[in-house]
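Please read the structure below before turning to the comments.
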Amino acid sequence: MNLLPASVAAAGLQLDGGAVLAVTIPKAASRKLTVGMRASALRLAESDGDVALAGRVELAEISGSDTFVHVATLVGEVVAQLTGVHYFELGAQITLYLNPAQVYVFDEQGDLLLAPVRGGEH
């Protein structure tokens, strides 16, 4: 899981380095938080409501039918797990997309504050 520092913002969460995620955080949450995102939650194709994370390819590794891409972004280094075999030039510019509904949020003590809703839960 990718773990990135964040803080509470008026519109939800702000990742250190800029990107704002529109998520609802409990009022009692500490100011300093950690956002977790699974590598499989990062995509190359944009969907409505996504947040863009632009960066530079540091490493691309093909593992069976998936490609793991390590990307240096303004919010920190992230790893994306992409279905299929993809080829990237080292140092190439890339933009990954994330749906804010797919993030986990942890407080300063590491306690889980927010997790993606799983199918069938209300």
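For the range 98-114, in order, what is each residue's ³J(HN,Hα) by Karplus, 6.51 cos²θ - 1.76 cosθ + 1.60 with θ = phi - 60°, in whole Hz (x at glycine and Pro)?
9, 7, x, 5, 9, 8, 9, 10, 10, 7, 4, 8, x, 6, 6, 9, 8
Take the alpha carbon gyration tensor of the range 2-114, find the square roots of its eigenvalues, order them as a ≥ b ≥ c, and report rounded if a/c is under 1.5; if not, report prolate when a/b exceeds b/c, else oblate. Intermediate values should be presented prior to the final figure.
Working: a/c = 2.12, a/b = 2.03, b/c = 1.04.
Cα axes put the range 2-114 in the prolate bin.
L74 to T95: extension gain in nm, 0.36 nm per residue of separation minus the Cα-Cα distance? Don't jump to the answer; show the numbers that get you there.
Numbers: separation 21, 0.36 × 21 = 7.56 nm, distance 1.14 nm.
Computed gain between L74 and T95 is 6.4 nm.
Taking trypsin sites (Lys or Arg not before Pro) as candidate sites, keep only those in a DSSP loop with at most 12 other Cβ atoms within 10 Å, then name the longest stretch of the chain containing none of them. Intermediate values should be presented prior to the final figure.
Working: sites that count: K27, R31, R118.
With trypsin sites (Lys or Arg not before Pro) excluded where exposed in loops, the chain gives 32-117 as its longest stretch.
Using the crude model of +1 on Lys and Arg Cβ and -1 on Asp and Glu Cβ, and no other charge, please compute the dipole size for the range 2-114 relative to its Cα centre, in debye to 20.
Working: 6 positive and 12 negative charges, 56 e Å.
Magnitude of the dipole: close to 260 debye.
With the chain treated as a Gaussian network of Cα nodes joined by springs under 10 Å, which of A41, A22, A92 yields the largest mean-square fluctuation?
Most flexible of the set in this elastic network: A92.
Which GluC sites (Glu not before Pro) in the range 50-122 sit in a loop by DSSP (not H, G, I, E or B) and have at most 16 other Cβ atoms within 10 Å of their own Cβ? Provide the component values of the computation, followed by the final result.
On the way: sites: E58, E61, E77, E89, E108, E121; in loops: E89, E108, E121.
Sites meeting the loop and neighbour criteria: E89, E108, E121.
Taking the Cα centre of the range 16-74 as origin, work out the dipole magnitude from +1 charges on Lys and Arg Cβ and -1 charges on Asp and Glu Cβ, in debye rounded to 20. Walk me through the numbers on the way to the answer.
Values: 6 positive and 7 negative charges, 83 e Å.
For this selection, approximately 400 debye.
Where does the charge balance sit around E89 when Lys and Arg score +1, Asp and Glu -1, over other residues with C-beta under 12 Å from its C-beta? Mind showing how you got there, number by number?
Values: positive: R56; negative: E58.
That works out to 0.
How high is the relative contact order of the range 16-122, in percent, counting Cα pairs under 8 Å that sit 6 or more residues apart?
On the way: 208 pairs, mean separation 35.7, N = 107.
33 percent.
What does the charge count around I25 come to, taking other residues whose C-beta lies under 11 Å from its C-beta (Lys +1, Arg +1, Asp -1, Glu -1)? Intermediate results must be reported in sequence, preceding the final value.
Details: positive: K27, R31; negative: D107.
Spelling it out: positives minus negatives among the neighbours equals +1.
For the range 53-117, which chymotrypsin sites (Phe, Trp or Tyr not before Pro) are both in a DSSP coil and crowded by at most 12 other Cβ atoms within 10 Å? Walk me through the numbers before you get to the answer.
Values: sites: F68, Y87, F88, Y97, Y104, F106; in loops: Y87, F88.
Hits after loop and neighbour filter: Y87.
Taken together, the values in this text are just the output of simple stated rules run on the coordinates, not laboratory data. In this text, all values refer to a predicted model and were calculated from it rather than measured experimentally. Because the Cβ atoms are built from the backbone with ideal geometry, glycine has one as well, and the counts that use them run over all protein chains shown.
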